[in-house]
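Single-structure report; data block below.
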Amino acid sequence: MDVSTPVWLLTAAGVVGLIVFDFYAHVRTPHEPTFRESAWWSAVYIALALVFGVGLGVVWGWDHGAEYFAGYVTEKSLSVDNLFVFLIIMTRFAVPRAYQQKVLLVGVAIALVLRTAFILVGAAAIERWSWVFYIFGAFLVYTGVKLAREKHDEEKEEEPTGEGLLVRLVRRAFPTSTEYHGDRLTSVVDGRRVLTPMLLVMVAIGSTDVLFALDSIPAIYGLTEQPYIVFTANAFALLGLRQLYFLIGGLLERLVYLSQGLAVILGFIGVKLLLHAMHTNELPFVNGGEHVDWAPEIPIWLSLTVILGTLAVATVASLLKTRSDRRVAAREE
């Protein structure tokens, strides 16, 4: 799929335009969004993603359209899991609910910039070295195994909760305040300019976005080799994440098997990448540098089926588990 420079520029301008619109329409005036507002705008962004996918399928073929939808669902699922960490970070910094929208929007903007850089690097590496798929595949299998062995609640508590290396360096390099001054990033205290916790929490979320990109970019490159699809699937998955945070905030704690579901998805995509790497093998110490003809290529329809099916099972199992736990707790009382 050959995407021209004007199409790339128009797409990037559209994504930036949506972020700017989001800021001026919802975030500029601090407030805690209602359930109705969050639900409405979450639906709008999901609808935009679906319409874009249909348009892409009509223009460039449904093979590419299916790749986009598989990538979008995967990236959206990984983004929901990331919301757990965002929740912990903002709880750690005691961010007032009215200001959390601004933090999340800045986090989305930072994530888009970082992931764009990773996408470009990944595309260049894939074009030059086909063996990169071995690295991507092995990393995803390792990540999947690690996720599968984690305990949902305990692991989330052990993840970075704000006081990471970058935040500590900022604290040491600049004077900081322990109190919020509205949604301002800096303020004047006792005659000197200081950084507020608002800026520190943005630094914390921005630094965790780097770790998130390490999982998401190899995962989607396991579903498509088209940088344009990788970028747009990531962009639409991140857009609307702010609204989704407020919409499913209470539901997040009930998705106890989400990590296990994502583990299956990442492991599956990792195996898919390893098989693809063998199919296009050029490493001299693997099959004498020849392609491994018996290595099957997993079709995109099967990938999409596995992804959607795994998410459905993980969600239903999570809700049944939490419902059962509440009934047991009620009986014990």
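The values are calculated or read from the model by the stated rules, or taken from the named source; none is laboratory data. These numbers were taken from a predicted model, which means no experiment stands behind them. Positions of Cβ are backbone-derived with ideal geometry, glycine not excepted, and every protein chain shown enters the neighbour counts. Please note that ligands, DNA and RNA were not included when accessible areas were found on the heavy atoms of the full protein model with its side chains. Shrake-Rupley method; radii C 1.70, N 1.55, O 1.52, S 1.80 Å.
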- [ ] Give me the pairs, please: first residue somewhere in region 79-101 and part of a loop (DSSP other than H, G, I, E, B), second residue anywhere and aromatic (Phe, Trp, Tyr), beta-carbon distance under 7 Å, and either six or more positions apart or on two chains.
- [x] PRO96/TYR180
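Among the residues of region 13-34, which ones are within 20 Å of ALA237 (Cβ to Cβ) and acidic (Asp, Glu)? Spell out how you get there, then give the answer.
The first filter runs over region 13-34 and keeps only residues within 20 Å of ALA237 (Cβ to Cβ), leaving 13-23, 26-27, 33.
Passing the criteria: only ASP22.
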Open item on the list: Step by step: first the residues of region 75-133, then only those that are of a type in the set (Asp, Glu) and at pLDDT below 85, then the one that is farthest from LEU304 (Cα to Cα). Which residue is that?
Closed with: GLU127
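Out of region 186-201, which residues are free of Cβ contacts under 8 Å to residues at least 60 places away in the same chain, hydrophobic (A, V, I, L, M, F, W, C) and out of contact with any Leu (no Cβ under 8 Å at 6 or more places or on another chain)? Working first, answer last.
Of the residues in region 186-201, the ones free of Cβ contacts under 8 Å to residues at least 60 places away in the same chain are 186-196, 199.
From the residues that got through so far, the ones that are hydrophobic (A, V, I, L, M, F, W, C) too are 188-189, 194-195, 199.
Within region 186-201, VAL188, VAL189, VAL194 meet the criteria.
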Task: Identity of the residue in region 56-90, open to solvent by 10 Å² or more (accessible area, probe 1.4 Å) and among the acidic types (Asp, Glu), that ends up farthest from the chain's Cα centre (by Cα) - done: ASP63
TODO: Could you tell me which numbered condition PRO160 fails, if it satisfies all but one of (1) modelled with pLDDT under 80; (2) in a helix (DSSP H, G or I)?
DONE: (2)
TODO: Check off (1) surrounded by fewer than 21 Cβ atoms within 10 Å (Cβ to Cβ); (2) in contact with a helix residue (DSSP H, G or I) (Cβ under 8 Å, 6 or more places away or on another chain) for GLY222 and give me the number that stays unchecked.
DONE: (1)
Open item on the list: Filter region 174-203 down to the residues that are open to solvent by 50 Å² or more (accessible area, probe 1.4 Å), under 10 Å from PHE93 (Cβ atoms) and in contact with a strand residue (DSSP E or B) (Cβ under 7 Å, 6 or more places away or on another chain) and list them by number.
Closed with: none
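Matching residues to (1) open to solvent by less than 50 Å² (accessible area, probe 1.4 Å); (2) of a type in the set (S, T, N, Q):
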site: SER4; (1), (2): no, yes
site: ALA13; (1), (2): no, no
site: PHE23; (1), (2): no, no
site: HIS26; (1), (2): yes, no
site: ARG36; (1), (2): no, no
site: ALA39; (1), (2): yes, no
site: ALA43; (1), (2): no, no
site: VAL54; (1), (2): no, no
- [ ] Pairs only if they're at least six apart or on different chains, beta carbon under 8 angstrom, first in region 116-138 and touching a residue at least 24 places away in the same chain (Cβ under 8 Å) and under 9 Å from ALA277 (Cα atoms), second among the hydrophobic types (A, V, I, L, M, F, W, C) and not in a helix (DSSP H, G or I); list them, first residue then second.
- [x] TRP131/LEU283; TYR134/LEU283
Task: Checklist (1) open to solvent by less than 10 Å² (accessible area, probe 1.4 Å); (2) among the β-branched types (Val, Ile, Thr); (3) out of contact with any Ser or Thr (no Cβ under 8 Å at 6 or more places or on another chain) applied to ILE248, failing item - done: (1)
Task: Output for region 1-29, where each listed residue is among the hydrophobic types (A, V, I, L, M, F, W, C), modelled with pLDDT under 90 and within 18 Å of GLN226 (Cβ to Cβ) - done: MET1, VAL3
- [ ] Using the structure shown, decide if GLY267 is of a type outside the set (A, V, I, L, M, F, W, C), at pLDDT below 80 and outside any loop (DSSP other than H, G, I, E, B).
- [x] no
Open item on the list: Can you tell me how many residues within region 135-149 are part of a helix (DSSP H, G or I) and either more than 12 Å from ILE269 (Cα to Cα) or small (Gly, Ala, Ser) (or both)?
Closed with: 8
